[in-house]
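Since the structure comes first, as structure tokens, the remarks are kept for the end.
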Amino acid sequence: MAPSPLHLSDWVVIALYMGLTIGIAVWSKFFQKETSEDYFLAGRSIPWFLASLAIFASLFSTISFVSVPGEAFGNGVMLSLNSWLGFLFYPVAIWLFLRFFFFLPTFTAYEYLERRFNLATRLLGSGIFTVVKLIYAGIVFYAAAVLLEVLVGIDPTTTIIVVGLITVAYTTLGGMKGVILTDAMQACVIVLGMGAILFILLSSAGFDVAAIYRYSAEHGKGFETVASPEFWRFDLHDRYSFWLLALYLATSPLVALSCDQLVVQRLLTVKGYQGAVRATYSSLIIGLPVAAIFWLVGLALFYYYGHRPGQLPEGIAADQVLGFFIRTATPAPVPGLIAAAALAALMSTISSVVNSVATVIYRDGLVRLGVYQEGGVHEINICRGLSAVAGLVSVGLALLLRYGGSGIKSSIFEVAGIWAGLWVVLMTAFLLGVLVPRVSGRAMMCGLAAGGSVTLLLPYFLYYSVPAGERVSFNWMGTPGMLISFVLALGLSFLWPNRKNLSDLTLWTLNRKKEPAPEPVGLIPSAEGSPLDTPTR
């Protein structure tokens, strides 16, 4: 079919979405107190179920919207095992980290690092978060530009500038309350949009899901690899294996609930520790069926075009197939709904990044270093100004990626996964902090510096500068830095042991009388999914 532009009904759907988003932000401003706690943490009064929707929408970025169906179409569904089994280690992560953020209490995750180690460790952790999240925001913008360019023919630069400025404006205006409420609405739009695509694809296959999977499996895109010796071997060049699955399952929950301020900050908006636990599990439950929809869409696209030879343009990238299908094979106003869903995925993530980065700069930077005294008459204006600056920087980085990253011959999924390597390095500080009282701030700083340096340099030697067939899997890029950080900090602790008072800062020095009561049986689900946006955790 020849590509067709959006119809009037498509633009009406997009306009309704944009109007609702801006309206929620404006409405939130009138119920916002002029304090940094209300602006960044919504007064710690958000119901846990809204926080769970916000976590899901924030982690579910346009990277997932573009890359998950593209990954399934091009390489199959093996990486979906991360979603189906991701719940296994979340109870461990909750037990290890979450309570400490509520006992202190904290504004940012990195306040714990100062109390446990020293100010330098806190500042380094805040710096890593800020840099990685702003780069991540640029990648998210680029992913949205890829989809919208194919879908509606909008120039990527226009997408980045216009959508970026609108997102920065409503985030700066509404603060955390506006961000969470728009996130909840955007989560619904995302599910509705992708559900419509899945319905159209399934109807074209007679709703025979088994036939779609059989066809995909016959072409090496199913789960049959699990039974092969290659899946169980240890080879750094394998794109995916049992060892990479185990690495992800062990580290992803630990990262999300320790060093990822974007997740921790949303949990800190709820009324207490028990609410944060419910919000964590609920976000996982929400993510599981949505993950199933997106992976199935990728397989259904492979089935659809496999039975229609010649309809897919020669040389089209896997990341672009979904956009091409939406533009050429769906009736109005479905393209408009999908465009709104893609914008929702983009805007929810960017607003969350902007808000969390501004929080870190304000609390860990300006306030902690004495540049500004909390509670001043201009506090709310400074908070809004920091949000605006963080948003504009992310727009600038997106434009830089747009014009400077065309030579990188890898998928969006892989690029995001490579940059996520810094997270597992930072996670070692939290893990050693709660588990090993002997580790001192000096030892931890040396470990983080060495591990972070290795993680930044390694991709250029093992991935970008080598032919595609000889690359080490992008999933391994953070592992050497993580091991170096962990081992070096642990080893140096025998040279520079900790001498600080660690009361209530480790599992072994925790005052059990202060520990939150266990969650009542029945309130914590027994099986959960993992957030879908796996590379940025």
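The values are calculated or read from the model by the stated rules, or taken from the named source; none is laboratory data. What you see is a predicted model; the values in this text were computed from it and never measured. So basically every Cβ, Gly included, is an ideal-geometry build from the backbone, and we count neighbours across all protein chains shown. The area values use the complete protein model at the heavy-atom level, side chains included, leaving out ligands, DNA and RNA. Shrake-Rupley method; radii C 1.70, N 1.55, O 1.52, S 1.80 Å.
So which residues in segment 444-455 are touching a residue at least 40 places away in the same chain (Cβ under 8 Å) and buried (at least 24 other Cβ atoms within 10 Å of the Cβ), if there are any at all?
Listed by number, the residues that qualify are Met444, Gly447, Leu448.
Please state which one of Leu123, Leu148 is closer than 25 Å to Ala329 by Cβ and either at pLDDT 85 or above or part of a helix (DSSP H, G or I) (or both).
Every option except Leu148 fails the conditions.
Exactly one condition in (1) modelled with pLDDT under 90; (2) part of a helix (DSSP H, G or I); (3) surrounded by fewer than 22 Cβ atoms within 10 Å (Cβ to Cβ) is false for Tyr305; which is it?
Of the numbered conditions (1) modelled with pLDDT under 90; (2) part of a helix (DSSP H, G or I); (3) surrounded by fewer than 22 Cβ atoms within 10 Å (Cβ to Cβ), the odd one out for Tyr305 is (1).
How many residues does segment 268-280 contain that are open to solvent by less than 20 Å² (accessible area, probe 1.4 Å), part of a helix (DSSP H, G or I) and out of contact with any strand residue (DSSP E or B) (no Cβ under 8 Å at 6 or more places or on another chain)?
Number of matching residues: 3.
Would you point out the residue of segment 363-405, among those that are among the basic types (Lys, Arg) and either farther than 17 Å from Thr108 by Cβ or in contact with a strand residue (DSSP E or B) (Cβ under 7 Å, 6 or more places away or on another chain) (or both), that is most open to solvent (accessible area, probe 1.4 Å)?
Arg402
Go through segment 323-345 and report how many residues are open to solvent by less than 40 Å² (accessible area, probe 1.4 Å) and either free of Cβ contacts under 8 Å to residues at least 12 places away in the same chain or under 21 Å from the mean Cα position of the chain (by Cα) (or both).
So the count comes out to 8.
Count, please, the residues in segment 466-495 that happen to be open to solvent by 80 Å² or more (accessible area, probe 1.4 Å) and part of a loop (DSSP other than H, G, I, E, B).
Residues meeting the conditions: 2.
Quick one: count up the residues across segment 68-96 that are under 23 Å from Ala342 (Cβ atoms), among the β-branched types (Val, Ile, Thr) and either in a helix (DSSP H, G or I) or in contact with a Ser or Thr (Cβ under 7 Å, 6 or more places away or on another chain) (or both).
Residues flagged as under 23 Å from Ala342 (Cβ atoms), among the β-branched types (Val, Ile, Thr) and either in a helix (DSSP H, G or I) or in contact with a Ser or Thr (Cβ under 7 Å, 6 or more places away or on another chain) (or both) within segment 68-96 amount to 1.
Among the residues of segment 226-234, is any in a helix (DSSP H, G or I), modelled with pLDDT of 85 or more, among the aromatic types (Phe, Trp, Tyr) and within 30 Å of Thr328 (Cβ to Cβ)?
no
Only residues that are part of a helix (DSSP H, G or I) and within 22 Å of the chain's Cα centre (by Cα): list them for segment 420-447, please.
Gly421, Leu422, Trp423, Val424, Val425, Leu426, Met427, Thr428, Ala429, Phe430, Leu431
Has segment 246-266 got any residue that is surrounded by fewer than 22 Cβ atoms within 10 Å (Cβ to Cβ), of a type in the set (Lys, Arg) and either under 22 Å from Ile350 (Cα atoms) or out of contact with any Asp or Glu (no Cβ under 7 Å at 6 or more places or on another chain) (or both)?
No: zero hits.
Take the residues in segment 11-44 that are part of a helix (DSSP H, G or I) and among the acidic types (Asp, Glu), then tell me which one is surrounded by the most Cβ atoms within 10 Å (Cβ to Cβ).
Going through the qualifying residues, I end up with Asp38.
Could you list, in sequence order, all residues of segment 183-214 that are among the small types (Gly, Ala, Ser) and part of a loop (DSSP other than H, G, I, E, B)?
Ala205, Gly206
Please verify whether segment 368-378 includes one or more residues that are in a loop (DSSP other than H, G, I, E, B), among the aliphatic types (A, V, I, L, M), modelled with pLDDT under 90 and over 30 Å from Ala250 (Cβ atoms).
Yes, because at least one residue in segment 368-378 is in a loop (DSSP other than H, G, I, E, B), among the aliphatic types (A, V, I, L, M), modelled with pLDDT under 90 and over 30 Å from Ala250 (Cβ atoms).
Output yes when any residue across segment 116-133 is among the aliphatic types (A, V, I, L, M) and over 25 Å from Arg384 (Cα atoms), and no when none is.
Within segment 116-133, one or more residues are among the aliphatic types (A, V, I, L, M) and over 25 Å from Arg384 (Cα atoms).
The conditions are (1) open to solvent by 20 Å² or more (accessible area, probe 1.4 Å); (2) of a type in the set (A, V, I, L, M); (3) in contact with a strand residue (DSSP E or B) (Cβ under 8 Å, 6 or more places away or on another chain), and Leu296 fails exactly one of them. Which is it?
It fails just one condition, (3).
Quick check on Val360: is it crowded, with 21+ Cβ neighbours inside 10 Å and closer than 20 Å to Ala143 by Cα?
No.
Please work out which residue is farthest from Asp235 (Cα to Cα), limiting yourself to segment 459-482 and to residues that are of a type in the set (A, V, I, L, M, F, W, C) and in contact (Cβ under 8 Å) with a residue 24 or more places away in the chain.
The extreme case among them is Met482.
May I ask you to say which residue of Ala187, Ala144, Ala196, Ala169 is in contact with a Leu (Cβ under 7 Å, 6 or more places away or on another chain), closer than 26 Å to Ile55 by Cβ and surrounded by fewer than 22 Cβ atoms within 10 Å (Cβ to Cβ)?
Within the list Ala187, Ala144, Ala196, Ala169, the selection yields Ala196.
From the residues in segment 62-78 that are open to solvent by less than 10 Å² (accessible area, probe 1.4 Å) and out of contact with any helix residue (DSSP H, G or I) (no Cβ under 6 Å at 6 or more places or on another chain), which one is modelled with the highest pLDDT?
Among those that are open to solvent by less than 10 Å² (accessible area, probe 1.4 Å) and out of contact with any helix residue (DSSP H, G or I) (no Cβ under 6 Å at 6 or more places or on another chain), it is Gly76.
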